[in-house]
1. Looking at Ser185, is it over 16 Å from the mean Cα position of the chain (by Cα), open to solvent by 20 Å² or more (accessible area, probe 1.4 Å) and among the hydroxyl-bearing types (Ser, Thr, Tyr)?
2. Taking helices (runs of 4 or more DSSP H) that do not extend beyond segment 153-257, which have at least 1 residues that are touching a residue at least 60 places away in the same chain (Cβ under 8 Å)?
3. Out of Ala95, Ala66, Ala91, Ala76, I need the residue that is of a type outside the set (Lys, Arg) and closer than 17 Å to Ala290 by Cβ. Which one?
4. Criterion first (touching a residue at least 60 places away in the same chain (Cβ under 8 Å) and either polar (S, T, N, Q) or in contact with a strand residue (DSSP E or B) (Cβ under 6 Å, 6 or more places away or on another chain) (or both)) does Ile41 satisfy it?
5. Please go through segment 258-267 and pick out each residue that is open to solvent by 50 Å² or more (accessible area, probe 1.4 Å) and either in contact (Cβ under 8 Å) with a residue 12 or more places away in the chain or in a helix (DSSP H, G or I) (or both).
6. Among the residues of segment 283-320, which ones are open to solvent by 30 Å² or more (accessible area, probe 1.4 Å) and among the aliphatic types (A, V, I, L, M)?
Amino acid sequence: MKAIAITRAATDGNNIEFLQEIDLPVPVAAGHDLLVEVKAISVNPVDTKVREGFNADIPRVLGWDAVGVVKSVGEAVTLFSPGDEVWYAGALGRAGSNSEFQLVDERITALKPQSLDNASAAALPLTAITAWEMLFDRLGVEENGNENDVLLIVGAAGGVGSILTQLASKLTRMTVIGTASRPQSQKWVGDAGAHHVIDHSKPLTDELSRIGVKEVTHVASLNNTEQHYQQIIAALAPQGKLALIDDPEFLDARPLKAKSISLHWEFMFTRSMFTTHDIIAQHQLLTRVAQLIDDNTLRTTLGEHFGAINAANLQKAHAQIETGRSVGKIVLEGF
C-alpha cells in the first residue's frame with residue numbers, strides 16, 4: 001500500500017522535504033482493531049511536532065485524523081462491520097493515517113456523520129475530541145449549564161478553537177469570548193458562535209475591558225500560553241479554571257495560588273496511550289458529535305482542501321501549519 005512517511009531527521013533545522021512516499025504491506029486486523037481504507041485525512045500541529053522530533057532508522061507514517069471504510073475487523077470487535085464508514089483520530093504510538101490502509105482500535109472510532117462528505121468530516125475528529133474533553137472533562141463545564149460563567153478561548157480560529165467555540169456556544173449557557181488577530185480569523189470565530197471576539201495581539205485585560213467584561217471564569221488556552229500567561233491570570237476570576245493544550249517550555253504554577261486558580265492539561269491521546277478504563281468515551285463522544293452535525297447543531301471546521309494525499313501536498317500542509325496562521329483545518333482526500 002502507498003504511505004507517506006517521515007524518512008529522515010532534520011539536517012538543517014527542517015525535515016519537511018523528507019516527507020516521502022513509501023510502500024508498505026497492508027496490515028492485518030486483530031483484537032479490537034479495524035482495518036480501515038483511508039479516504040480523507042486532515043493535518044494537525046501534532047503531525048508537525050512528531051515530524052520535527054523524528055530521529056529513527058525506520059520511516060514513520062504520520063497522521064492523526066481520518067475518514068474511511070472498514071475493510072475487515074479483529075476477532076474482538078463488536079461495534080463495527082466491514083463496509084461501515086467511520087471517522088477517528090487514532091493513537092499517537094501507532095502508524096498514522098497518511099496511508100491507504102490503517103489499523104485503529106474500535107473503541108476510539110465512530111460512524112462518520114451521514115450529512116458530511118469525507119473531506120468535511122476528516123477535519124473534525126482530533127479537534128472535536130480535544131475540545132470536548134477540554135470543555136466537559138477537564139474544565140468540568142456541564143451541558144446546558146454554567147449560565148453565569150464566561151469562557152475565554154485564546155486562539156479560537158484554529159482547529160480546536162473552531163469546534164470548541166461551537167460546543168461552548170451551542171451546548172452550554174456560558175458567554176463565549178474568542179480571540180483572533182486578523183479580520184479573516186475574527187470573522188471565522190464570530191461565525192463559529194462566539195458572543196465576543198477580541199484581539200490577542202493586544203493585552204487581553206484591555207480587550208476584555210473594551211467589551212465590558214471585568215473577569216472570566218474559565219480559560220481555554222490553545223496556543224502561545226507562555227506569551228499570554230500573566231494576562232490570563234489577571235483576567236481569571238478567583239477560583240477560576242485554566243486549561244491548555246500547547247507545550248510551554250516553562251510554566252510557573254505559583255502565580256495561580258492567590259486566586260486558587262486550577263490548572264488542567266488536555267491531551268486527547270491519553271486514553272489510547274494508556275488504554276484507560278474509559279477509553280470507549282472517545283467512541284461515545286465522536287458518536288455524539290456526529291449526531292450534532294447531522295442535526296445541524298455543529299458544522300465542519302474545514303478551512304482549506306489541499307488536494308490528494310501525496311508527499312507534495314502533505315509537505316505544503318505541514319509548512320502552512322507551521323506559519324501559525326491557518327484558519328480552520330487543512331484536509332487532503334484520496335490517493
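1. no
2. So the answer is 159-171, 183-191, 225-235.
3. Result of the check over Ala95, Ala66, Ala91, Ala76: Ala66.
4. yes
5. Lys259, Ser260, Leu263, Trp265, Phe267
6. Once the filter is applied, which keeps residues that are open to solvent by 30 Å² or more (accessible area, probe 1.4 Å) and among the aliphatic types (A, V, I, L, M), segment 283-320 yields Leu302, Ala308, Ala312, Ala319.
Residues checked against (1) touching a Gly at 6+ places or on another chain (Cβ under 6 Å); (2) closer than 22 Å to Leu35 by Cα; (3) touching a residue at least 60 places away in the same chain (Cβ under 8 Å):
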site	(1), (2), (3)
Ser81	no, yes, no
Trp87	no, yes, yes
Asn98	yes, yes, yes
Val104	yes, yes, yes
Thr109	no, yes, yes
Ala119	no, yes, yes
Leu135	no, no, yes
Leu139	no, no, yes
Val150	no, no, yes
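The values are calculated or read from the model by the stated rules, or taken from the named source; none is laboratory data. Remember, predicted model here, so these are calculated numbers, not experimental data. Every residue, glycine as well, gets a Cβ built from its backbone with ideal geometry; the counts of neighbours run over all protein chains shown. Only protein heavy atoms, including side chains, enter the accessible area calculation; ligands, DNA and RNA are left aside. Shrake-Rupley method; radii C 1.70, N 1.55, O 1.52, S 1.80 Å.
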